[in-house]
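Data block below; observations after.
Quick note: the coordinates plus some simple rules give every number you see, no bench work behind them. Everything numeric in this text was worked out from a predicted model, so none of it was measured. Quick reminder, even Gly has a Cβ in these numbers, built from the backbone with ideal geometry, and neighbours come from all protein chains shown.
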Amino acid sequence: MKYISDLILKMSSVDRRWIFLVIALSVILPLYFPLGLPIRPTPTTQQVYDTIDALPHGSKILVSCEYGPSTKPEIHPMVLSVLRHLFKNEHKVYVTCLWPDGQFLASEALDLVGRDEYGLTYGEDYVLLGFRPGNEAVVKGIVSDIRKLYTIDAKGTKVTEIPMMNGVNRFEDFDFLFSASAGYPGTIEWVQYAADPTNVPMSTGTTSIQVNEVMPYVAAGQVQGILAGMPGAAEYEALIGVPGIGTSGMDAQSIAHLVIVLFIVLGNVGYLIERNRSKKY
Amino acid sequence: MLWKRHIPILIVAVIGSLTLFGWFIDEPNIKAFVNDDATQWFDILASFAIFLGGFNLLKMQLQKVLRKKQGWQYSLFAIGGFILAIIAGFFYKGNPDVAWGTHVTADGTLFKWIFMYIFAPLGATMFALLAFFVASASYRAFRIRNFEATLLLVSGIIIMIGRVPLGSSISSWFILYLLVLIGGIAINSVFKNKQYTAIFVSVGIIIVTSAGSSMGWPLDQPGIFYLPHLQEWIYMNPNVAGTRSIMMGIGLGIFATSIRYILGIEKSYIGE
Amino acid sequence: MNDRDFMISVGGISLAFLIYWFAGHPYFVTERLVMFLTIMIFSGTLMFYIRKARRGEDIFLRDIPGLKAIEEAVGRSTEMGKPVLYVPGIMDMDQVETVAGVIVLGHVSKMTARYETTLNVPVSRAIVMKAAQEACKESYLMEGRPDMFHDDMVHYLTDEQFAFAAGVNGIMVREKPAACLYMGKFYAESLILAETGNSIGAIQIAGTASQAQIPFFVTACDYTLIGEEFFAASAYLSQRPELIGGVKGQDMIKVIVIATILGGVLLRLLNDIGLINFNILQFLKVT
């Protein structure tokens, strides 16, 4: 018993580089040897799916991409899934970006899903309006007059020459907003300045760490559901029946979370043993 | 005194009041100022201010190289990266068929190549460090020193496991058995009587097994012990309540700080 | 302005608004009246307590360990002969947290001037760089040590979030500051900075109102100023009556908000069960 206690004590004060190594292995190995854990959608993800599915065919959907390469693994899979869902239901998709990096990633997503998978036509089925600087001012500008803010799209074409921009002058001309957000400016700015004042329904997908900040808006009904990080992306992929990067990352995330919990438990067991010993002596 | 003190305070008071009260005024020019112009003025200032920052950065790195300070070789990378970005942004497109401006996102340009093959991998790598740091920070800091710390730890574990597919594969009955065992440990530490512990654990196991058998061992029933349901409840209830109250407190703090600036009570921006 | 003059001014402004309102309130967005009155009440509460503090009335503020620890941290750096690293967040001066961070920097730089400790302030925005330089310069001047100040103690790294985190990490690992202070608006890089600071054995004090980052700072730092404590820091450090009065006013506003929530729940309950015809939610809705 003393031997086990001593071993646990030794392990509970291990150099953090061993922890880094174990975490690295717990992420890499499931990527090569997938476990195939079943993915069950949560109510908040289901709400996003149901809201988008209920939109009438041919609705005008604004998708806003505010994420960068660092948050691409979490947000990009959900953007791809949402675009697949939107194009499958034959909606018209308008893409804006509040982050400069977002434009690169939005372009990549539209090319992959819109152009390559669905064979859709740029300017008739989807359009990338691009990035504009100004943070909340861009959101307010879209609410009041989108044509004042966007005179050309991301490819340099005049907005007046894009067929699907006919009849789109302000935010209220859209039927739905999906914000794929990794921080500021993002979901909260869209809720505060656009969706809530105009009653245009919106849903969002955010990084896991941002879910806390957005959840009060979901609970209040101002945001219709939320895709929470990579698990949310994987759940949405399961709902639309097209597994992707989100699904493939879930095994690794599951094992990594389990390993972290085990480390925490180990650390606490060591702490309790040490505390009992010091009480004894 | 007038230029260094009174005029800056007056500017802050006037612009701050106009931006605050402009929200209540239904006059097109004021609305345009509050909604568009005020924030755009700031963006224009910030865009020109980047020159200050850029020159400061170049100056510091060049000084390091010229004076051969410790680690001066790394400064060569900083200066080289700076010059490469300027060239890719303003002088060399790489794809002659693309117009200036759209060359930053068009395929085949040097700028896009830098974004895809240098900037994106570096950003992703730095973000990935968080996974390791979260593990080491949690391992070091999460100790059940008191009731609140224990509560935090338990809810953290429930959310971490409940959020991922692994959590939805863990049956409620497994959690019930775990609770019986933890209860046994607690009984043993309080009463220090092996008989009581054995009775408690045996009765607990019998009850859980009987209930499970009679219900057919459903994975997600009883729902209160199913980790995904539990984590959803924690997210939507105590978490939202705590977040809302912190948001209100922060909002009040922002309001009070801003009012102090508008009223001229806080004058730290002029060094007072 | 004495109390009598203040009350006359308040009365005059209220009367003017009433006349404007009954005259048809041209150009006023009527749907936002409740918000306007709320701002007036809150501002009035703040000013009342600021005036009360200026009159010399004693206002109790509880101790905040993180703020007391700042001087200890600077003292520790002085003893060890190592610099103090101060990071005023990664956002620009349009964020109130950054402004609060620069205010605290002014106080910290007074301490570093007094103790003759090296101060290193890497920043992520050019405007913040200028504001922070001015704050430090004034502090060193007020402490009678203008010779110790140089512009390069506040230096710009990059606007890009993770490049900034990498740069600050590099500074920490090379210079090994004895104290790391993180005061401002942070995002995902917060844990990267805090863990690196922990690995070099520095004492770390953080202050932020970024909700998502508070848990990371609490886990990895020795002291954390959470939300309002961070905004109240300037009052604590300067001990100026008007700032302390402002903190008290904030607390009283919170009491008003709590009373409004409780009263609103009661009114809503009475409305739902049909006892009254007044919908508090419709009344408080802001468009």
- Query: How large is the convex hull of the Cα atoms of chain B per residue, expressed in Å³ as a whole number?
  - Reply: 312 Å³
- Task: Would you look at the GNM of chain A, springs on alpha carbons closer than 10 Å, and say which of A:127, A:63, A:261 moves the most?
- Result: A:261
- Query: With each pseudo-label sitting 7 Å past Cα toward Cβ, what's the residue B:241-residue B:99 distance in nm, one decimal?
  - Reply: 5.7 nm
- What does a probe at residue B:125 reach in region A:62-78, counting residues whose amide N is under 20 Å from the point 7 Å along Cα→Cβ? A:68-74
- Note on the structure: Per the C-alpha gyration tensor (a ≥ b ≥ c, the square roots of its eigenvalues), chain C is rounded if a/c is under 1.5, else prolate if a/b beats b/c, else oblate; here it's prolate
- Note on the structure: In deg cm²/dmol, rounded to the nearest 500, the helical mean residue ellipticity at 222 nm of chain C, built from -39500 (n - 2.57) for every DSSP H run of length 4 or more, is -20000 deg cm²/dmol
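When the chain is fully extended, how far beyond the present Cα-Cα distance does residue B:50 get from residue B:214, taking 0.36 nm per residue of separation?
Details: separation 164, 0.36 × 164 = 59.04 nm, distance 7.00 nm.
That pair, residue B:50 and residue B:214, stretches by 52.0 nm at full extension.
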- Message: Quick check: the distance between the Cα centres of region A:52-66 and region C:100-162, to the nearest angstrom?
- Response: 48 Å
- Note on the structure: Mean per-residue count of partner chain Cβ within 10 Å for B:19-32 equals 3
- Message: Treating only the Cβ of Lys, Arg, Asp and Glu as charged (+1, +1, -1, -1), what charge dipole size does chain B show about its Cα centre? Round to the nearest 20 debye.
- Response: 1400 debye
- Message: Springs between alpha-carbon pairs under 10 angstrom, Gaussian network model over chain C: which of C:112, C:98, C:38 fluctuates most?
- Response: C:38
- Two-site label geometry, residue B:193 and residue B:65: point separation in nm, points 7 Å out along Cα→Cβ: 8.0 nm
- Query: Among B:163, C:51, A:147, B:145, which comes first, then next, by fewest other beta-carbon atoms within 10 Å?
  - Reply: B:145, A:147, C:51, B:163
- Hey, can you list the DSSP H helices of chain B whose Cα span along the axis is 15 Å or longer and whose average Kyte-Doolittle score is at least -1.0? B:7-21, B:38-66, B:72-86, B:120-141, B:147-162, B:172-191, B:194-215, B:240-262
- Can you pull the one-decimal nm distance between simple spin-label points at residue A:147 and residue A:111, each 7 Å off the Cα toward Cβ? 3.1 nm
- Task: Please give the average number of partner chain Cβ atoms lying within 10 Å of the Cβ of each residue in B:43-52, rounded to a whole number.
- Result: 5
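Taking each full run of DSSP H in chain A as one helix, which ones are at least 20 Å long along their axis (Cα atoms) and have mean Kyte-Doolittle hydropathy of at least 1.0?
On the way: long enough: A:16-32 (25 Å, 1.65); A:72-88 (23 Å, 0.16); A:245-280 (52 Å, 0.54).
Long hydrophobic helices here: A:16-32.
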- Item | Residues in region A:203-224 reached by a label modelled at residue A:50 [backbone nitrogen below 16 Å; 7 Å Cα→Cβ] | A:203-204, A:218-224
- In whole Å, what are the Cα extents of region C:65-231 along the three principal axes, biggest one first? 40, 32, 31
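Using only helices, what value at 222 nm comes out for chain B when you add -39,500 (n - 2.57) per DSSP H run of length 4 or more and divide by the total residues, to the nearest 500 deg cm²/dmol? Mind dumping the intermediate values first?
On the way: 12 runs with 185 residues, N = 272.
Helices in chain B give a 222 nm mean residue ellipticity of -22500 deg cm²/dmol.
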- Query: Please identify the trypsin sites (Lys or Arg not before Pro) of region A:196-281 that satisfy two criteria: DSSP loop assignment and at most 15 other Cβ atoms within 10 Å. Which are they?
  - Reply: none
- How would you classify the protein assembly as shown from its alpha-carbon gyration tensor, with a ≥ b ≥ c the square roots of the eigenvalues: rounded for a/c under 1.5, else prolate if a/b is greater than b/c, otherwise oblate? rounded
- Message: Explain nothing, just the number: dipole magnitude of region B:1-91 about its Cα centre with +1 on each Lys and Arg Cβ and -1 on each Asp and Glu Cβ, in debye rounded to the nearest 20.
- Response: 980 debye
- Query: Just C:23, C:113, C:53 to compare: in a GNM of chain C, with alpha carbon springs under 10 Å, which one fluctuates most?
  - Reply: C:23
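Let me confirm one metric for peptide A:134-141, namely the mean number of other chain beta-carbon atoms within 10 Å of its residues' beta-carbons. Intermediate values should be presented prior to the final figure.
Details: counts 5, 5, 3, 8, 3, 0, 4, 4.
Taking all residues of A:134-141 together, the mean is 4.
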- Apply 1/(1 + (r/R0)^6) to the Cβ-Cβ distance of residue B:10 and residue C:27, taking R0 = 22 Å, and write down the FRET efficiency to the nearest 0.05. 0.35
- Would you mind checking the tilt of helix C:96-115 against the longest principal axis of the Cα atoms of chain C, expressed as 0 to 90 degrees and rounded to 10? 40 degrees
- Assigned charges on the beta-carbon of Lys, Arg, Asp, Glu; the protein assembly as shown dipole about Cα centre (debye): 2560 debye
- Message: To make sure I understand the rule: partners must be lysines, Cα under 17 Å from the Cα of residue A:10, and not fewer than 8 residues away in the same chain. Which ones qualify?
- Response: A:2
- In terms of Cα to Cα distance under 21 Å, which lysines are near enough to residue C:285, apart from those fewer than 8 places away along the same chain? A:140, B:31, C:254
- Task: Would you count, across region C:65-231, every pair of lysines whose alpha carbons are under 22 angstrom apart, provided the pair is eight or more residues apart or spans two chains?
- Result: 10
- Message: In region A:43-243, if the dipole is taken from +1 on Lys/Arg beta carbons and -1 on Asp/Glu beta carbons about the Cα centre, which of A:204, A:193, A:86 is farthest to the positive end?
- Response: A:193
- Note on the structure: Cross-link reach from residue A:92 to lysines, straight Cα distance under 19 Å and at least 8 residues apart if same chain, gives A:60, A:155, A:158
- Put +1 on the Cβ of every Lys and Arg and -1 on every Asp and Glu Cβ in the protein assembly as shown; which of C:30, C:115, B:41 then has its Cα farthest towards the positive end of the dipole? C:115
- Restricted to the protein assembly as shown, the DSSP antiparallel beta bridge percent, nearest 5, is 5 percent
- For residue C:194, what is the net charge nearby, where nearby means another residue's Cβ is under 14 Å from its Cβ and Lys, Arg count +1, Asp, Glu -1? -1
